[in-house]
Every structure is written in C-alpha cells, then in structure tokens.
Amino acid sequence: MRKILLGALLVTLFASCSKSLEDKANTLIEEDIKKTLYHPETYDPAETQVDSAFTPFDDPVFYEKTIQLCKIGMSIDEYDRKMKSAKSSMSIWSGPYQSAYSKNEYQEAKDEYDENAQNKKNAEKKAKKLADELKTMLDKEQLFIGFKARHRFRANNNAGQIVFGEMKYLFDKDMNKIVASYDMDDDEYKTVQIVYKQMLGEDVQIEGENFDDDEVLEE
C-alpha cells in the first residue's frame with residue numbers, strides 16, 4: 001500500500017513539475033513570439049511540449065556550425081559549376097590560331113577558372129575545420145544545457161488569414177530566459193534536421209512531422 005501511495009505521489013510531483021515548466025515556457029514564448037507577428041492580438045497557443053535539452057544537438061553553437069558547413073558545401077558546388085563553365089569556355093577559345101579577341105576571351109575564362117579554383121580550395125579548408133569541430137562536439141559526453149520546447153500556435157498573417165506556426169525554443173537551466181528560437185517550418189531548420197539525422201545514421205524524418213493538425217484544430 002505504501003509503495004502504491006509513494007508511486008502516486010511521485011507521479012503527481014512529476015506532473016506538477018512538468019506543468020510548472022510548461023507554464024514558464026508559455027509565458028516566455030508568448031512574450032517573445034508576439035514581437036514577430038503581424039497581428040499579435042490574434043496569437044492563440046495550441047500546444048507546447050517541454051523536454052530537457054542536451055549537447056550537442058540542442059546546442060545553438062552546434063546548430064550554427066552545421067548551418068555554416070551546409071552553406072560552405074553549397075558554395076563549393078557553385079565554385080565547381082563555375083569552374084566547369086570556365087573550362088568549357090577555355091576549350092572553345094583555345095587553339096593554335098587565336099585572334100586577339102580569342103586570346104582575350106581565353107584569358108578571361110582562365111582567370112575565372114583560377115579564381116574559382118582558389119575559392120573552392122579555401123572553402124574546402126573551412127569545411128574541414130568545421131567538420132572537425134562538429135566531430136569533436138559529437139564525441140564529447142552529453143551535457144544538460146537547459147530545456148527545449150516545441151510550440152504550435154495560431155495567428156493571423158499579413159493578409160488577415162488564420163495560419164499555424166511552429167517554433168522550437170531553447171531555454172536556460174533555470175527556465176528564466178530564451179537562449180535560442182527556430183522556425184520549424186523554415187527550410188534552413190529542416191536542412192539542419194536532415195543533417196542531424198544523417199550524422200546519427202537514422203532515417204530522415206523532419207522534426208514536427210508527427211503533429212496531427214486535426215487534433216490541434218479541435219482544441
């Protein structure tokens with residue numbers, strides 16, 4: 001009987017603590033989110049899920065480094081494209097019987113090729129440095145860094161239409177302030193989540209896909 005009562009007490013305490021964290025999260029979120037809305041007075045919270053946050057994947061520094069690496073990767077692809085285009089132009093304007101115009105066009109293409117080749121080399125160095133930093137962070141023991149929350153809400157957009165928004169927030173350990181916030185519908189955020197899944201060797205599924213819109217609408 002005592003064990004049953006103790007278990008019930010622990011469940012009650014846990015639920016109370018979770019509710020308290022959720023209340024704190026909602027208070028901070030409402031204050032922050034209204035600053036970004038076209039019509040703050042239409043803000044209507046739908047759901048908040050609070051959980052503990054740990055390194056490295058909840059760490060804003062890890063997030064920013066991942067974004068930087070993705071952008072550098074895109075730059076490298078662009079440098080490659082420009083190098084191929086310049087090389088094609090060089091082959092067109094090269095030959096034993098070049099006119100002054102042909103020589104000029106060839107030199108311009110070669111200069112473009114050399115410039116992009118150097119840019120690619122520099123970008124690859126930066127990418128390697130970032131990749132090494134991310135690996136070091138991944139290899140470290142996970143540390144508790146605060147709390148995180150996934151928050152869904154309704155609000156009117158600039159056209160006056162009711163739309164859903166979905167945000168992720170990171171809070172400090174004392175739940176006193178927001179450390180970082182992300183728009184979960186943003187392409188940048190989705191890209192980072194895909195990269196995280198790949199780092200973990202998991203099937204790619206965008207965080208937030210499991211929300212049921214119909215359930216939220218009924219609230």
Based on this model, can you work out whether Y101 counts as modelled with pLDDT under 95, assigned to a helix (DSSP H, G or I) and in contact with a helix residue (DSSP H, G or I) (Cβ under 9 Å, 6 or more places away or on another chain)?
yes
Evaluate region 112-134: report whether one residue or more is charged (D, E, K, R), touching a residue at least 40 places away in the same chain (Cβ under 8 Å) and not in a helix (DSSP H, G or I).
no
Report yes if V179 is touching a Leu at 6+ places or on another chain (Cβ under 6 Å) and at pLDDT 95 or above, otherwise no.
yes
I'd like the residue in region 177-189 that is without any contact (Cβ under 8 Å) to a residue 60 or more places away in the chain and not in a helix (DSSP H, G or I) and, out of all such residues, is surrounded by the fewest Cβ atoms within 10 Å (Cβ to Cβ).
D186
Hey, V195 surrounded by 15 or more Cβ atoms within 10 Å (Cβ to Cβ) and within 14 Å of the chain's Cα centre (by Cα) or not:
yes
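Conditions (1) out of contact with any Leu (no Cβ under 8 Å at 6 or more places or on another chain); (2) at pLDDT below 95; (3) closer than 16 Å to L21 by Cα; (4) not hydroxyl-bearing (S, T, Y), marked per residue:
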| position | (1), (2), (3), (4) |
| --- | --- |
| K121 | yes, no, no, yes |
| A155 | no, no, no, yes |
| V163 | yes, no, no, yes |
| E166 | yes, no, no, yes |
| D172 | yes, no, yes, yes |
If I72 meets every condition in (1) closer than 25 Å to A180 by Cα; (2) out of contact with any Lys or Arg (no Cβ under 7 Å at 6 or more places or on another chain); (3) of a type in the set (V, I, T) apart from one, which number is that one?
(2)
Go through region 79-98 and count every residue that is in a helix (DSSP H, G or I), among the aromatic types (F, W, Y), out of contact with any Ser or Thr (no Cβ under 6 Å at 6 or more places or on another chain) and over 27 Å from E124 (Cβ atoms).
0
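The values are calculated or read from the model by the stated rules, or taken from the named source; none is laboratory data. A quick note: this is a predicted structure, and the numbers were derived from the prediction, not measured. Because the Cβ atoms are built from the backbone with ideal geometry, glycine has one as well, and the counts that use them run over all protein chains shown.
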